[in-house]
């Protein structure tokens with residue numbers, strides 16, 4: 001499971017990275033979608049977690065998927081903010 005401290009750490013790590021995006025990179029990142037098979041796996045692991053039926057390996061997998069998901073979510077947010085800022089100022093990178 002993702003804890004607030006992990007989210008804050010991810011935000012701190014991504015901040016400098018997001019400053020490296022050019023317009024096309026930001027646009028592509030903002031449009032990223034999760035693969036259907038990965039989404040299905042996350043849903044399965046989440047359902048098993050609610051039933052307290054995850055194996056140790058599944059717990060680690062679920063935790064990794066959730067952490068990576070948070071990373072991608074924050075990355076996409078930074079990309080969308082950059083694109084919105086560029087539209088507002090008329091600036092292009």
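Here 76, 19 are screened, and the one residue that is surrounded by 14 or more Cβ atoms within 10 Å (Cβ to Cβ) and either closer than 27 Å to residue 87 by Cβ or touching a helix residue (DSSP H, G or I) at 6+ places or on another chain (Cβ under 7 Å) (or both) is 76. Being under 28 Å from residue 84 (Cα atoms) and without any contact (Cβ under 8 Å) to a residue 24 or more places away in the chain: is that true of residue 7 here? No: the conditions fail for residue 7. For the range 50-73, the tally of residues that are touching a helix residue (DSSP H, G or I) at 6+ places or on another chain (Cβ under 7 Å) and either closer than 24 Å to residue 8 by Cα or not in a helix (DSSP H, G or I) (or both) stands at 7.
Sub-8 Å Cβ pairs linking a first residue in the range 40-55 that is under 17 Å from residue 67 (Cβ atoms) to a second residue that is at pLDDT 95 or above and outside any helix (DSSP H, G or I), at least 6 apart or interchain, are 45/54, ordered by first then second residue.
The values are calculated or read from the model by the stated rules, or taken from the named source; none is laboratory data. Please read all numbers here as calculations on a predicted model, not as lab measurements. Reconstructed Cβ throughout: ideal geometry from the backbone, glycine too, with neighbour counts over all protein chains shown.
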